[in-house]
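Only one structure is covered here, and it is reproduced in the block below.
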Amino acid sequence: MGGTRASYAPWYGRGLIQLTWQDVYTKYGAYVGEDFESDDAARNKIAQYPHCVRSAFWFYCVNKNVSKHAKSDDFIMVTALINGGFNGYKDRLKYFNRAVSVFKAEHLNILKKEDSFSFEDSEIYNYRVYAYSWGRYHDPLRNESGTDKDKMEALKAYRRAVTLYKRRGDSGKVTDIKAKINALG
């Protein structure tokens, strides 16, 4: 999205999983022993075979270890790991549900209840950054888009994030999140 016009250009998404940001290009290059940073031609190798495929498997299995969470049916954590947040979450869930139906894989759903996944059942419940992000995306007073706006879901996630940030001793973040809780009333 945005490609060469993106704020993070020239490190915009390339490959099947769309590797983005310089540090990810650097890590992938170190993993395979090739240069993906020196110029546009080097960066564009990620968009071409075999690196478009290989980088996707590297990102999924090595860089983020998404496969661990996918195997346990933690759709919310998979989304957080791949996207860093929950933009496009509703669309992604819709396509996931369709794929499960087409492949007749309903029996593999462990954490899915009805047509959704629960915040409390996901590993993001124990990750302060992702718990806070879940709250922001559901907060009806915020502009983040990708999930349904749901005051109760936002409050639940914000309260959990407060607990996790308190454990870390981050009083500034706790104050910030408590202000969001108060604004929701």
**Q.** Those residues of region 135-146 which are in a loop (DSSP other than H, G, I, E, B) and on the phi < 0 side of the Ramachandran plot, in sequence order
**A.** D139, P140, L141, R142, N143, E144, S145
(Q) Can you say whether L155 is in contact with a Phe, Trp or Tyr (Cβ under 9 Å, 6 or more places away or on another chain) and more than 30 Å from G29 (Cα to Cα), as far as the supplied structure shows? (A) no
**Q.** Tally, over region 19-33, of residues that are in contact (Cβ under 8 Å) with a residue 12 or more places away in the chain and over 20 Å from the mean Cα position of the chain (by Cα)
**A.** 2
Q. Right, K149: assigned to a loop (DSSP other than H, G, I, E, B) and in contact with a helix residue (DSSP H, G or I) (Cβ under 8 Å, 6 or more places away or on another chain) or not?
A. yes
Q | For Y12: the one exception among (1) among the aromatic types (F, W, Y); (2) within 15 Å of N63 (Cβ to Cβ); (3) without any contact (Cβ under 8 Å) to a residue 12 or more places away in the chain | A | (2)
Q. Out of the residues in region 111-134 that are part of a helix (DSSP H, G or I) and either at pLDDT below 95 or of a type in the set (S, T, Y) (or both), which is surrounded by the most Cβ atoms within 10 Å (Cβ to Cβ)?
A. Y130
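Scan region 1-31 residue by residue and report those that are in a helix (DSSP H, G or I) and buried (at least 18 other Cβ atoms within 10 Å of the Cβ).
Answer for region 1-31, where residues must be in a helix (DSSP H, G or I) and buried (at least 18 other Cβ atoms within 10 Å of the Cβ): V24, Y25, Y28, G29.
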Q: Inspect region 140-162 for any residue being closer than 17 Å to T79 by Cα and free of Cβ contacts under 8 Å to residues at least 24 places away in the same chain and give the result as yes or no.
A: no
Q) Does R159 fit the bill of being part of a helix (DSSP H, G or I), charged (D, E, K, R) and either outside the structural domain of A80 (by TED's automatic domain parsing) or over 14 Å from the mean Cα position of the chain (by Cα) (or both)? A) yes
Q) So which residues in region 135-145 are closer than 17 Å to D91 by Cβ and surrounded by 17 or more Cβ atoms within 10 Å (Cβ to Cβ)? A) Y137, H138
Q) Among the residues of region 70-92, which ones are surrounded by 18 or more Cβ atoms within 10 Å (Cβ to Cβ) and farther than 14 Å from F119 by Cα? A) L81
Q: Out of the residues in region 32-58 that are aromatic (F, W, Y) and within 21 Å of G84 (Cα to Cα), state the one that is surrounded by the most Cβ atoms within 10 Å (Cβ to Cβ).
A: W58
Q) When you look at R160, is it out of contact with any Leu (no Cβ under 9 Å at 6 or more places or on another chain) and under 16 Å from E120 (Cα atoms), yes or no? A) yes
Q. Within region 67-87, can you find the residues that are within 10 Å of the chain's Cα centre (by Cα) and not aromatic (F, W, Y)?
A. I76, M77, V78, T79, A80, L81, I82, N83, G84, G85, N87
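The values are calculated or read from the model by the stated rules, or taken from the named source; none is laboratory data. Just so it is clear, the structure is predicted and the values come from calculations on it, not from any experiment. Cβ atoms come from the backbone with ideal geometry, glycine included; neighbour counts cover every protein chain shown.
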